[in-house]
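The values are calculated or read from the model by the stated rules, or taken from the named source; none is laboratory data. The model shown is predicted, which means the values in this text are computed figures rather than measured ones. For neighbour counting, all protein chains shown are included, and Cβ atoms are generated from backbone atoms with ideal geometry for every residue, glycine included. Accessible surface is based on the protein model in full, side chains and every heavy atom, while ligands, DNA and RNA are left aside. Shrake-Rupley method; radii C 1.70, N 1.55, O 1.52, S 1.80 Å.
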Amino acid sequence: MTDVADRAAAGFEREFGGSPAGRWAAPGRVNLIGEHTDYNDGFVLPFALPLRTVAAAQPQAGPRWTVWSELSGETIDFGADEVAEPGRVTDWGAYVAGVVWALREAGHDVPGARLAIASDVPLGAGLSSSAALEAAVLTALVDLGGLDLPAERQPRLAQRAENAYVGAPTGIMDQSAAIRCRDGHALFLDCRTEEVEHIPFDLHAAGLAMLVVDSRAPHRHADGEYAARRRSCEAAAERLGVRALRDVGVDQLDAALARLDDPETRRRARHVVTEDQRVLDTVALLRAGRTREIGPLLTASHVSMRDDFEITVPEIDTAVEAALGAGALGARMTGGGFGGCVLALVGADAADAVADAVTTAYADKGFQAPTHVTVLPAAGAARLD
Ligand code: ADP
Ligand code: MG
């Protein structure tokens with residue numbers, strides 16, 4: 001398949017005629033570690049993937065936005081009325097209209113534009129194609145309009161587009177990763193303060209690679225289970241008299257658990273408190289250049305999600321076990337759970353053997369064959385030309 005940036009430019013020329021004024025790319029992401037910590041005011045550590053969404057864009061007399069996506073092959077068109085309030089533009093167009101809406105809500109004079117979108121980020125696989133789309137469109141509009149919106153303020157705005165216009169209650173991680181990640185680094189994000197720090201994560205230099213396996217497991221009951229986990233965490237925080245579980249340190253964990261009567265709530269709280277600490281420990285190892293040593297933390301995170309937070313499914317556990325059995329240094333489910341992807345940290349030359357082991361284990365259990373890709377940490381949203 002041709003390069004995604006070329007496909008965006010070709011789509012632009014075919015749909016709109018002429019060349020775009022520029023192309024803007026934004027990546028999908030995976031979370032290295034820190035699961036279900038975001039809504040507990042805690043820590044996450046995503047990194048950007050070399051899979052990107054590209055918007056080729058050109059200003060047009062406004063307020064008017066005309067958008068083509070390779071994905072559906074359709075072109076949608078909307079004006080000021082449709083972005084006056086959420087709900088008017090639906091389906092995939094809502095992510096684009098949401099960005100325009102959020103910019104206008106924040107008082108920006110958004111330029112009218114023609115946009116052609118192409119993407120290599122798979123949809124709904126937990127790699128955040130939605131934030132990649134928002135970030136590509138947002139950075140294009142900010143540049144085209146010369147808007148005064150520095151990168152550190154962009155994630156919140158893209159999140160608002162998704163929360164309020166699309167109606168998906170996501171945290172700040174996906175948009176932060178799509179916009180702020182750096183090549184060869186992971187993004188250490190404090191979900192309470194929204195402060196970020198770029199942590200060196202040079203897999204290549206360490207002779208390592210990250211295998212991302214799409215479990216292909218159907219997302220069974222994911223929404224209801226997610227809401228239930230949030231409620232358990234809030235109940236635990238309230239019982240413990242803290243603003244959020246982030247305020248309980250691992251050194252206080254035993255005392256805190258002793259105050260929770262319900263065994264299920266105890267398990268949920270234990271996951272969140274220990275997971276926050278695993279993020280901090282991972283950051284410390286990466287800062288010290290001890291990249292290989294993060295493997296056991298990844299695996300411990302998986303065990304905690306499986307046994308304490310209870311958000312894994314048989315396909316996911318099978319992939320993790322098979323990867324570890326084939327020599328992965330660590331492996332874990334990434335994302336909200338009940339499906340999605342598995343990360344396996346592997347020696348650069350072991351990626352194929354580990355992927356084969358996962359495929360074989362899946363076949364033995366009669367699961368639908370998984371897909372995989374080997375990735376290195378990539379850059380966040382940027383103008384290409
Ligand atoms: P994820 O973000 O994990 O991939 P979501 O359900 O949050 O899954 O977002 C997927 C939705 O985002 C798609 O159903 C589609 O509406 C929209 N989307 C993402 N990428 C594109 C694209 N390149 N073109 C059109 N719509 C897209
Ligand atoms: Mg999404």
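Rolling a 1.4 angstrom probe over the protein chains, ignoring ligands and nucleic acids, what is the accessible area of TRP68 in square angstrom, nearest 10?
10
On the Cα set of segment 127-280, report Rg and Dmax in Å, please.
Values for segment 127-280 (Cα only, Rg and Dmax): 18.5, 56 Å.
For ASP352 and VAL250 in the same chain, what is the full-extension length gain: residue separation times 0.36 nm, less their Cα-Cα distance, in nm?
Going from the current span to full extension adds 33.0 nm.
If you build a Gaussian network model of the chain, linking Cα atoms that sit under 10 Å apart, which residue out of GLU194, GLU134, GLU35 swings the most?
GLU194
Tell me the carbon and sulfur percent of the accessible area for the chain, rounded to whole percent, probe radius 1.4 Å.
Values: 7290 of 15240 Å².
C and S fraction of accessible area: 48 percent.
With a bin width of 10 angstrom, please list the P(r) values of segment 217-269 as percents of all Cα-Cα pairs, from the 0 bin to the one holding the largest distance.
Result returned by the calculation: 24, 50, 19, 8.
If the convex hull of the alpha-carbon atoms of segment 2-201 is projected onto planes in all directions, what is the mean projected area in square nanometres?
Seen from a random direction, the Cα hull of segment 2-201 projects 10.4 nm² on average.
Using θ = phi - 60° and the Karplus form 6.51 cos²θ - 1.76 cosθ + 1.60, what ³J(HN,Hα) does each residue of segment 117-130 get, whole Hz, x for Gly and Pro?
My calculation for segment 117-130 gives 10, 10, 8, 9, 7, x, 7, x, 9, x, 9, 6, 5, 5 Hz in order.
Given C-alpha coordinates of segment 208-365, what is the ratio Rg to Rh with the Kirkwood estimate of Rh?
Dividing the radius of gyration by the Kirkwood radius yields 1.01.
Please compute the net charge surrounding GLN60, taking Lys and Arg as +1 and Asp and Glu as -1 over other residues with Cβ under 14 Å from its Cβ.
Here the charged neighbours net out to 0.
Give the separation of the Cα centroids, segment 308-334 to segment 93-134, in Å.
Centre-to-centre (Cα) distance: 33 Å.
Give, in nm to one decimal, the length gained when the segment between LEU71 and ASP3 is fully stretched (0.36 nm per residue of separation minus the Cα-Cα distance).
Separation in residues times 0.36 nm, less the Cα-Cα distance, equals 23.0 nm.
What Kirkwood Rh does segment 182-238 have if only Cα atoms enter the pairwise 1/r average? Answer in Å.
After inverting the mean inverse Cα-Cα distance, the result is 15.2 Å.
Quick check for you: with a 1.4 Å probe and neighbouring chains kept, what is the accessible area per residue of the chain, in Å²?
Numbers: 15240 Å² over 385 residues.
On a per-residue basis, 40 Å².
How long are the three semi-axes of the equivalent ellipsoid for the chain, computed from the Cα gyration tensor as the root of 5 times each eigenvalue, in whole Å, largest first?
One finds semi-axes of 35, 25, 19 Å for the chain.
What's the extension gain from ALA84 to ALA61 if we count 0.36 nm per residue and subtract their Cα-Cα distance?
The span from ALA84 to ALA61 would gain 6.5 nm if fully extended.
Round to the nearest 10 and give me the degree value, 0 to 90, for the angle of helix 4-16's Cα axis relative to the longest principal axis of the chain.
Around 30 degrees separate the two axes.
Name the residue, out of GLY28, GLY17, GLY337, whose mean-square fluctuation peaks in a Gaussian network model built on the chain with Cα pairs under 10 Å.
GLY17
Net charge near LEU144, counting Lys/Arg +1 and Asp/Glu -1 over other residues with Cβ under 13 Å of its Cβ? Intermediate values should be presented prior to the final figure.
Values: positive: ARG23, ARG114, ARG383; negative: ASP109, ASP143.
Here the charged neighbours net out to +1.
What is the sum of charges around GLY339, taking Lys and Arg as +1, Asp and Glu as -1, for the other residues whose C-beta is under 13 Å from the C-beta of GLY339?
Local charge sum for GLY339: -3.
Quote the charge dipole size of the chain about the Cα centre in Debye, to the nearest 20; the model charges only the Cβ of Lys and Arg (+1) and of Asp and Glu (-1).
260
I'd like the FRET efficiency for ASP109 and ARG153, computed as 1/(1 + (r/R0)^6) with the beta carbon distance as r and R0 of 22 Å, rounded to 0.05. Please list the in-between numbers first.
Working: r = 16 Å, r/R0 = 0.73.
Approximately 0.85, to the nearest 0.05.
Could you list, bin by bin from short to long, the percent of Cα-Cα pairs of segment 71-179 in 5 Å steps?
Histogramming segment 71-179 at 5 Å steps yields 2, 13, 26, 27, 21, 10, 2 percent.
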